[in-house]
Structure formats: structure tokens, C-alpha cells
Amino acid sequence: MHVVANAKSGSHMSFPPLDTALPAGVDAREHALLLRRVHEASFTGRPVPAPPRPVIEDSWDRTRRFGIDPDSAPPPRMARLDELQRHRDASPIAEVLPLIRRSLVSVADEADHIMLVTDASGQVLWRDGSHRVRSIGDRVGLVEGAFWNEGSTGTNAIGTALAVGRPVQVYSAEHFVRSLHTLTCACAPIHDPRDGRLLGAIDVTGPVSTIHPSTLALVNAVAQLAEAHLQSIHHTHLERLRSVAAPLLAGMSERALVVDESGWTAAAVHMEPVRRVLLPKHRESGTAWLPALGECALEPLPGGWLVRPQPVKEAVPSTVTLDLTGPSSTMVVSGPSGEWAHRLTPRHAELLLLLAVHRDGRTGAQLSQDVFGGDGHVVTVRAELSRVRRHLGGIIESRPYRFSEEVRVRVALGPSPADLMPASMAPGVRALRRALCEGNAPMALRDGIAT
């Protein structure tokens, strides 16, 4: 669904690094009993003895909308064996699977846990660890090929971590489905270091009695190690592309650069190299308007592209679409020269959403209030928007910060108001989410809510 904001009308996010389930100094058994009372009260309409954690409460709300019954949920959806193998072969995580196994399998086995690696849809691609807990996993459907996203199995560490895009631990009765209350799970997502795309997640699951506060920290550290290794593989590819392109660039007298398929620069001649070029969404030989470079000629190379900036021409994109429908936010820019997409950090998505709603602009102090809840982060806001403007050319203007009046801005939302950037804790975004749920959102968003 899309919303159009008329021009004439009016990062990383600041999350706690880890969302652990067991408060410091709390007895695990007593806390599990409390969570079961909270779960029971929440589903029978009685007053809850304590509020669930916000990440759990939000997940329960999403799970209710999926129509999952906490007492008689169906088994997770399963992929066929041939389909599972295709997904394994296509997953970039396969390149770092040996590293993940070396880091976690022995720990999981000794701690009576299992380790699972999923893709971005929540499908379990690989499973290792304790034989006893694998038998427990068999009974609840925690097996290779099963889909453990929230839409399939309700609130669980895998599905919820993928939904909010950050590490999450789910303990006992924090699971939506009662048959999972005997388990505790810790999960951390893995992102592609080239473009921030969500690749999947690493999860460690075991019996409630084996919960340990450091489990989530360990899983998160291994996820970060996997991302660092993927980054190293990418650097090796860039070095290879640089070697291939060197003879070609040596004979050129005009400005040019060589980039990989994700737009990362391998080499440049006769120009100041840019770190990354935002390539068109559908790439082919010819010319295209690229942010920060203008009109460019594109020629394919083995493993990348030759980019040659052309003489300066007036070429302004006509439409910007802020796509907030999935776990990763994307901005799609289209105009006479084609279309390209840029995956946004959570912080940049927050800032651009706020600017899309406030087409008359926002000052640095106002955006600091919107994102951080106070005006003490103006320098951070300016730095983040400076990075955005380097990517987006003349699309974003300053003093105040705003989208150019020449650009038509569209916001793509999910089917439910509560799906508006569910992981964002920014006060301005939370206010928009609340306004959407209450039916009194700003005009720029109101017309797009599905009925």
C-alpha cells in the first residue's frame, strides 16, 4: 500500500544492545512462575501481575493478528527436502557456517542446548547440538525445514528477533504458544555487511532450567563474528575485482570507477573515489542517474560494473518511495533515467519517515526530539543526515531538513498500523504508530491504511 505526500502540504537505532529475558538478580524459577501468571492473565482478561517486556507485548499483539491459538497452534509449516537444500545452497550464511559451528556447537552440546541457523524467513536451515534437546525439538517442530517466524509459530526468539531486527531472548511463558513454555531461546540476526540486508539468524534453545544470562551475549557475539567474516570475504572479492579492472582503467583518460554488484568501489581513476555507488535496481548497459555522480554510463564487468560519469546535466529523480513493509526498510528512487533502491539503516529510515510526514521540514533540534526524546543529540542528527545526503544527492535539502519540493514522496506501509517500524523506539515514530492505530494519523499517512 502506498501513501502520497504532497510537497506543498505540510542508522543504527538507539536500542539496548541486548534484550535479555531474565532480570539481574532474579531467581529463574520464580520468574518463570510469574511469567506463566502474566501469560494466563493476558489471555483470560484478568489483571496482569506484571506487564510483559515491551518486545514481548508487541510480539503478542502481532501474533494475535495472525490468528494463532495459544492452546492449539498448528505445527510449523515445513519445506520439502529439495526446497530446503535449495535454500541452504543459496544462503550466504553457508560460507560462515563452519565458523558458527566451531563457536557454538560444543557450547550448546555441553549446556544441553541445540543451535539453529535460519534464513531471513525464519526457516531452519541447519540444526546441531544436544541429542536430548533435539528430541524435544522434534516434538515441537523445531527441526530443519520448519518455519519459525511469528506468523507460523507466534512469539519465539527466532521469529521475534527477525521481526525487530535485533538480538532477543524469549523465556518460558513469554512464548505465545503454551507448548513452548518449557523452552528458553536466545537469537541474534545476521545482516549482509555489503548492504544491511537481513540474511537470517543464529539461535540457541534449551530447557527453561538451563537459562543463563550470558547466552544471548554469546549468540550475539557469534552473529557479529559471522558478519565480520562475511565482510572479509567481500574485501577479498573487491581485491580480485580491482586486479581484473586495473588494465582497463590504466588505458582510460576520462573519469571512471569500477564497482561490485552491490555498488562498492574497487578502483577509480581521474576522480575522487566514492566509497559506494547506489546502482539502479534493474541494471543494464546504458546511462542512469546515480546519486552524488549524476548521469553515468554503465558497462558490465565480470563481478561488477564500469561506471563513467557523464558531463553535468539536469536530472532530478521524480519519485521517492520509502518502503516500510518489511523488516528492512528500503528507499526506491525513480526518474527518467530508471530506478534504484537503497537499503536504509533503522536510524535513516526513522529520519526519512519523519521528513516524509513533515514536508515543510524539521530542524535538527526537532528531529533530535523526534528520534531521541530530547534536543541534546543535534550533532548526531546532523551527522546522520549528512550521510543520507551523500547518498541521495539533491533529494534532501537543509535549513530546515526536508525533501526537495520537486520530488514526489510515497510511503509504503504494511497492512496494519501496528506494523509501522515495529522495532523503533523513537518518540516521533511511536507517536505516528499510535496515531495510526487510533485513526487520527497525519494526512500524509492516513489515506494509506488498509481497511
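The values are calculated or read from the model by the stated rules, or taken from the named source; none is laboratory data. These numbers come from a predicted model, not from an experiment. Here the Cβ is made from the backbone with ideal geometry for all residues, glycine too, and neighbour counts use every protein chain on show.
Brief remarks on what is shown
- Any hit, the stretch 343-350, residues being within 24 Å of ARG197 (Cβ to Cβ), under 24 Å from the mean Cα position of the chain (by Cα), surrounded by 15 or more Cβ atoms within 10 Å (Cβ to Cβ) and of a type in the set (Asp, Glu): yes
- Within the stretch 372-385, residues that are surrounded by 15 or more Cβ atoms within 10 Å (Cβ to Cβ) have Cβ atoms under 6 Å from residues that are among the hydrophobic types (A, V, I, L, M, F, W, C) and modelled with pLDDT of 90 or more in these pairs: VAL378/ALA365; VAL381/LEU367, counting only partners at least 6 apart in sequence or on another chain.
- Cβ-Cβ contacts under 7 Å between residues 6 or more apart (or on different chains), taken from a first residue in the stretch 421-441 that is of a type in the set (D, E, K, R) to a second residue that is in a helix (DSSP H, G or I), are listed as ARG433/PRO417; ARG433/ALA418.
- Being surrounded by 18 or more Cβ atoms within 10 Å (Cβ to Cβ), under 19 Å from GLY122 (Cβ atoms) and not acidic (Asp, Glu) is a property that LEU104 has.
- Identity of the residue in the stretch 68-91, among the hydrophobic types (A, V, I, L, M, F, W, C) and at pLDDT 90 or above, that ends up nearest to LEU142 (Cα to Cα): MET78
- Top-ranked residue in the stretch 66-82 [being of a type outside the set (A, V, I, L, M, F, W, C) and closer than 19 Å to ALA201 by Cβ; ranked as surrounded by the fewest Cβ atoms within 10 Å (Cβ to Cβ)]: ARG77
- Wholly within the stretch 95-213, helices (runs of 4 or more DSSP H) carrying at least 3 residues that are farther than 29 Å from ASP61 by Cβ: 97-110, 131-140
- Count - residues of the stretch 296-320 that are farther than 22 Å from ARG194 by Cβ and either surrounded by fewer than 19 Cβ atoms within 10 Å (Cβ to Cβ) or at pLDDT 85 or above (or both): 12
- Boolean, THR210 is surrounded by fewer than 18 Cβ atoms within 10 Å (Cβ to Cβ) and either in the same structural domain as ILE136 (by TED's automatic domain parsing) or at pLDDT 90 or above (or both): yes
- Yes/no for THR118 being within 29 Å of ARG37 (Cα to Cα) and among the polar types (S, T, N, Q): no
- Residue match in the stretch 33-50 (condition: within 27 Å of the chain's Cα centre (by Cα), closer than 23 Å to CYS187 by Cα and either exposed (fewer than 15 other Cβ atoms within 10 Å of the Cβ) or of a type outside the set (Val, Ile, Thr) (or both)): no
- Of all residues making up the stretch 118-157, the number that are among the β-branched types (Val, Ile, Thr) and touching a Leu at 6+ places or on another chain (Cβ under 7 Å): 3
- Test result for VAL388, within 27 Å of LEU293 (Cβ to Cβ), of a type in the set (Val, Ile, Thr), part of a helix (DSSP H, G or I) and not assigned by TED's automatic domain parsing to the domain that holds ARG275: yes
- The set of residues in the stretch 353-368 that are surrounded by fewer than 18 Cβ atoms within 10 Å (Cβ to Cβ) and within 16 Å of LEU432 (Cα to Cα) is empty.
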